[in-house]
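**Q** Dropping a structure here in structure tokens format, bear with me for questions.
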Amino acid sequence: MAVVGIDFGTLHSKIGVARHRGIDIITNEVSNRATPSLVAFGPKQRAIGEAAKTQETSNFKNTIGSLKRLIGRALSDPQVQDVEKKFINAKLVDINGTVGAEVTYRFEKVQYTITQLVAMYLGKLRDIAAAELKAIVSDIVIAVPGWYTDVQRRAIIDAAAIANLNVLRIINDTTATALGYGITKSDLPEPENPRHVVFVDVGHADFSVAVVAFSKGQLTVKSTAYERNLGGRDIDYALVKHFAEEFKTKYKIDVMSNPKATFRLSAGCEKIKKVLSANSDAPLNVESIMNDVDATSKLSRDELEAFIADVLDRIPGPLQRAIADSGLTLEQIDSVELIGGTTRVPSVRQRIQDAFPDKVLSTTLNQDEAIARGATFACAMLSPVFRVRDFHVNDINHYPIKTQWTASPTDPDDDTELLVFPQGNSIPSTKVLSFYRKEPFTIESVYAEPALLPGAINPWIANFTAKEVPVSANGDATCVKLKTRLNLHGIMSFEAAYVEEIEEREEAAPTPAPMDVDAPADGAAAAPPPAPKKKRVVKKKEIPFVATNTSLDKSVVELLKEQESQMHAADKLVMDTEDRKNALEEYVYDMRGKLEDRYAPFAKPEEKAKLLAGLSEAEEWLYTEEGEEATKSAYVARLDALKAIGDPISFRYREVDERKKAAANLRETLDNYMAQATSAEDKYAHIDEKDKQSVVEKVATIRKWLEDQSVRQGEKEKSADPVLTSAEIEKKRDELIYFAIPILTRPKPKPAVTPGGSGTQTPAESSKTPPPPPKEEDKGPSEMDVD
């Protein structure tokens, strides 16, 4: 079972795996530790991750990013319309109430929901992990922002299911960071005096803060705060607007009116931002930005800070809210840990430092990989494969959740809502609610404070409808127990509904054991038997109910899973076809060069002419329309036909060197066994002379065969098929080894022991049965080293 943790990022994602007694962040197919969070569509196949990034500039209208920001949202959401559209070039559409993308795939206009696109991307991450681990990947933990709502978390689980992945846990990214930080610490204090650490994560698109208390064997999240639209991309966009205005005057071009020019300028601004993190000045060069104009400019760090002043001014807010909600003072904070790439920007770091004036900002964690490491630790803790140090994670929910209902006709003044899971409620958590009803009823769960939710996400979470309510014996309203749960993923659900029935059961009195006693006197009445005891038994009677939520129906998931499987198979066929096409092209050029060089003496004139003609024909065919669009089998057939002519030539060439090596090995083996068979050493003295002689004869026979065949081979032309091959020589060597080894390694007979003699072992001792070896204890699962 593979143990995999994923940091699902806006710009790119990282994959962590548990192995080698620790956590590794693995590389993708081009040896990068971060895989771009992009899905693109082309005329033949999909491009995901690195492949999508490579063709992003030329195919930006069919390339979708910001998947993490779009999942679980509606097209009409102001967050999508006013914010995300600035960073996406693909056309966004509405698909059954959720946002999707319209792209051109295989020359057809198609639409996919963001959930499907995330499934495609998770499938790519699954394949990367499977290739690295050489094992099937099915169970994962995914790290997401703590501000994700119920609908977004359910959409992530649906996307994983479409990609044939089972999510063991959706973990908040700051919690994952805290887990990776705390589980490796061996000096944590006692629970009475915990260590308080503030984790500040400034990523590509959002800003997260968490205050966490650490003590021996556990962490407790005390508070969290977020700024959902504050990250590296906001700095980039501020620079894009500045340079776009500059180029209007300087080059008379309107960059913002051209999506491709905007995209190119954004890439340049991201580079200049990184340069200014370590330098006071940086140049900007964008080749052919639009209208064949090569745009150039420069920027200083002071100018950068002036342009992004409004972004920097929003940094202190979440920090102050997190400290206030935790109930701690700045003096009680022990350390401040920074993660996220944008914390490398000096002005961002300075604003954070201003919020913690007497603290040293720490960067002991890997700023890019801390979340992925923590998610992988969480997966290892839930996996039976690894044994991880006992460490308990006490997480909290970010949004308060309430249930609401219509007032009962019999009690119209009754409350119609109840706060079930307040903000800061621990995760996971189960609560049982009691309702007094005489007839079927409906309960609805919603977020209690919709204003806290990101964008315009619908606060509705789930519905519960009890179909039948049993009538009580006295005609009063029945007490219905409703079990609600906020699970490990941070998802709220209605788990069960039941009524409690109390039954009184009589317990039979124990029969006394018979005793030999004197019979009672005549006329005396026997003692009456004791009355049976009554026991109250509470029985739970399940009530049928229907619960609805925002998750996709199982039938829809299965249908989308089948579609994804078909697209995955189609992509693999295209890649295999391209691989065979490249193999044919490579063989044509490689074989043609070798025929004129190293293979020339080993090819007969008619073979060479036939092969050269075949290579030229294949080359011409490859660059025709038919050759460009041929099937995999067509490329394989042509390559096999050429190899049928070329392989005998390359075989003759290889045999020259391989035959020399094999012959040298055989001669060395012959000399070795001849020396042993004719040796007068004491260790061979016990071997029968007839057996030694048989080895000598065998050596002589094989030596003569080798010399005769070598002479015959020497008389042959290099272009003729060899009469002596390295394989035949190896076969003869194996034959000699299997014949000589049993004879020459025959053990000496044990010396006879006379009774009463002074031998090393008496017959009585030798007959004793040796004690059985100690039984190995079951060591259980392998232990992970987290130090």
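**Q** Just give me the residues in segment 342-396 being of a type in the set (A, V, I, L, M, F, W, C) and in a strand (DSSP E or B), in sequence order.
**A** Leu361, Phe386, Val393, Ile396
The rows are residues; the columns are (1) in contact with a strand residue (DSSP E or B) (Cβ under 8 Å, 6 or more places away or on another chain); (2) modelled with pLDDT of 95 or more; (3) not in a strand (DSSP E or B).
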residue	(1), (2), (3)
Asp24	yes, no, no
Ala40	yes, yes, no
Ser58	no, no, yes
Lys85	yes, no, yes
Ala101	yes, yes, no
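**Q** Could I ask something else about it? List, please: which pairs have Cβ atoms under 7 Å, are six or more places apart or on different chains, and start with a residue in segment 378-401 that is in contact (Cβ under 8 Å) with a residue 24 or more places away in the chain and over 20 Å from Ala210 (Cα atoms) and end with one that is open to solvent by 20 Å² or more (accessible area, probe 1.4 Å) and assigned to a helix (DSSP H, G or I)?
**A** Partner pairs satisfying both residue conditions: Val388/Met381.
**Q** Looking at segment 657-708, which of the residues that are in a helix (DSSP H, G or I) and β-branched (Val, Ile, Thr) is farthest from Asp734 (Cα to Cα)? Show your work before the answer.
**A** Of segment 657-708, the ones in a helix (DSSP H, G or I) are 657-677, 682-684, 689-708.
Pick out the ones that are also β-branched (Val, Ile, Thr) and you get 669, 695-696, 699, 701-702.
Working: Thr669: 10, Val695: 14, Val696: 16, Val699: 12, Thr701: 14, Ile702: 11 Å.
Only one residue tops the list, namely Val696.
**Q** How about segment 262-328: which helices (runs of 4 or more DSSP H) wholly inside it have at least 3 residues that are surrounded by 19 or more Cβ atoms within 10 Å (Cβ to Cβ)?
**A** 316-326
**Q** While we're on this one: For residues that are touching an Asp or Glu at 6+ places or on another chain (Cβ under 9 Å) and part of a helix (DSSP H, G or I), scanning just segment 536-572, find the one that is surrounded by the most Cβ atoms within 10 Å (Cβ to Cβ).
**A** Step by step, filter segment 536-572, then rank; the result is Leu560.
Every residue, every condition in (1) of a type outside the set (Asp, Glu); (2) surrounded by fewer than 24 Cβ atoms within 10 Å (Cβ to Cβ); (3) touching a strand residue (DSSP E or B) at 6+ places or on another chain (Cβ under 9 Å); (4) over 30 Å from Ala462 (Cα atoms), yes or no:
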residue	(1), (2), (3), (4)
Val151	yes, yes, yes, no
Asn164	yes, yes, no, no
Ile171	yes, no, yes, no
Gly180	yes, no, yes, yes
Lys185	yes, yes, yes, yes
Leu188	yes, yes, yes, yes
Pro191	yes, yes, yes, yes
Ser208	yes, no, yes, no
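**Q** Can I ask one more? Going by the structure shown, is Leu612 of a type in the set (A, V, I, L, M), touching a Phe, Trp or Tyr at 6+ places or on another chain (Cβ under 8 Å), in a helix (DSSP H, G or I) and over 30 Å from Tyr498 (Cα atoms)? Steps first, please.
**A** Working: of a type in the set (A, V, I, L, M): yes; touching a Phe, Trp or Tyr at 6+ places or on another chain (Cβ under 8 Å): no; in a helix (DSSP H, G or I): yes; over 30 Å from Tyr498 (Cα atoms): yes.
Criteria not met by Leu612.
**Q** Could you please let me know if Gly9 is in the same structural domain as Asp368 (by the TED database), closer than 19 Å to Cys379 by Cβ, assigned to a loop (DSSP other than H, G, I, E, B) and in contact with a helix residue (DSSP H, G or I) (Cβ under 8 Å, 6 or more places away or on another chain)?
**A** Judged against the criteria, Gly9 is a match.
This table checks each residue for (1) buried (at least 18 other Cβ atoms within 10 Å of the Cβ); (2) touching a helix residue (DSSP H, G or I) at 6+ places or on another chain (Cβ under 7 Å); (3) modelled with pLDDT of 95 or more; (4) closer than 17 Å to Asp590 by Cβ.
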| position | (1), (2), (3), (4) |
| --- | --- |
| Lys610 | no, yes, no, no |
| Glu619 | no, yes, no, yes |
| Leu622 | no, yes, no, yes |
| Glu625 | no, no, no, no |
| Ile649 | yes, yes, no, yes |
| Asp657 | no, no, no, no |
| Lys660 | no, no, no, no |
| Tyr673 | yes, yes, no, no |
| Thr678 | no, yes, no, no |
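**Q** Please go through segment 42-56 and pick out each residue that is part of a helix (DSSP H, G or I) and open to solvent by 30 Å² or more (accessible area, probe 1.4 Å).
**A** If the condition is that a residue be part of a helix (DSSP H, G or I) and open to solvent by 30 Å² or more (accessible area, probe 1.4 Å), then Ala51, Lys53, Thr54 are the ones that fit.
**Q** Sticking with this one: Any chance segment 425-442 includes a residue that's aliphatic (A, V, I, L, M), over 26 Å from Asp7 (Cβ atoms), open to solvent by 20 Å² or more (accessible area, probe 1.4 Å) and in contact (Cβ under 8 Å) with a residue 40 or more places away in the chain?
**A** Yes, there is a match, as at least one residue in segment 425-442 is aliphatic (A, V, I, L, M), over 26 Å from Asp7 (Cβ atoms), open to solvent by 20 Å² or more (accessible area, probe 1.4 Å) and in contact (Cβ under 8 Å) with a residue 40 or more places away in the chain.
**Q** Any idea how many residues of segment 175-232 are part of a strand (DSSP E or B) and in contact (Cβ under 8 Å) with a residue 40 or more places away in the chain? Can you show your working first?
**A** Pass one, segment 175-232, residues part of a strand (DSSP E or B): 195-202, 207-215, 218-227.
In the following step, the residues that additionally are in contact (Cβ under 8 Å) with a residue 40 or more places away in the chain were identified as 195-202, 207-211, 218-227.
Result for segment 175-232: 23.
**Q** Which pairs have Cβ atoms under 7 Å, sit 6 or more apart or on different chains, and link a residue in segment 236-254 that is assigned by the TED database to the domain that holds Glu270 to one that is modelled with pLDDT of 90 or more and among the small types (Gly, Ala, Ser)?
**A** Pairs found: Asp236/Ser266; Val240/Ser266; Phe243/Ser297; Glu246/Ser297; Phe247/Ala295; Tyr251/Ala295.
The values are calculated or read from the model by the stated rules, or taken from the named source; none is laboratory data. For clarity, every value in this text was computed on a predicted model and none was experimentally measured. Quick reminder, even Gly has a Cβ in these numbers, built from the backbone with ideal geometry, and neighbours come from all protein chains shown. Heavy atoms of the whole protein, side chains included, go into the accessibility calculation; ligands, DNA and RNA do not. Shrake-Rupley method; radii C 1.70, N 1.55, O 1.52, S 1.80 Å.
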